Amino acid sequence: MANFVLQLPNNLRLRSFTVSSSSNGSTPGVPQSVGPVILELPLDKIRRPLMRTRSNDQQKVKELMDSIKEIGLQVPIDVLEVDGVYYGFSGCHRYEAHQQLGLPTIRCKVRRGTKETLRHHLR
């Protein structure tokens, strides 16, 4: 069983959970809960399938980099978890700002989805 420290802003509801690997088929990493959860995920664990079809406004990325350096990321990116794999479809500028700053992780609002949900996002 692994223990993680999760830092959340004071204005968010705090959910308590333990992350552990499981042999019962449940996905390690995302708590078994009803709604989305806030997690700090490694950038290299988030797949960005639409990255090749979109370009980011570099001025916006620079402004976000300055803001993140000064006050941290204020709004988590939305991430879909399907069968233990994380997919990011929004937050492209925030994601790139973290990359350019060399930050290893990013705060994410993670919700679980099905393969059908993933197909819908890829259309």
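Nothing in this text is a laboratory measurement; each read-out follows from the coordinates by a stated rule. Computed from a predicted structure; not experimentally measured. As a convention, Cβ positions derive from the backbone with ideal geometry for all residues, glycine included, and neighbour counts pool all protein chains shown.
Could you rank the peptides 111-118, 59-66 by their average count of other C-beta atoms within 10 Å per residue, with the highest value first?
Order by mean packing, descending: 59-66, 111-118.
What is the sum of charges, Lys and Arg at +1 and Asp and Glu at -1, for the other residues whose Cβ falls under 10 Å from the Cβ of Pro76?
+1
With each pseudo-label sitting 7 Å past Cα toward Cβ, what's the Glu70-Asp83 distance in nm, one decimal?
4.4
Taking the Cα-to-Cβ direction at Lys45 and at Arg119 and moving 7 Å from each Cα, how far apart do the two end points lie in nm?
2.8
Using the Karplus curve 6.51 cos²θ - 1.76 cosθ + 1.60 with θ = phi - 60°, what ³J(HN,Hα) values do you get for each residue of the range 81-88, in whole Hz, with x for Gly and Pro?
Coupling constants for the range 81-88: 10, 10, 6, x, 10, 9, 10, x Hz.
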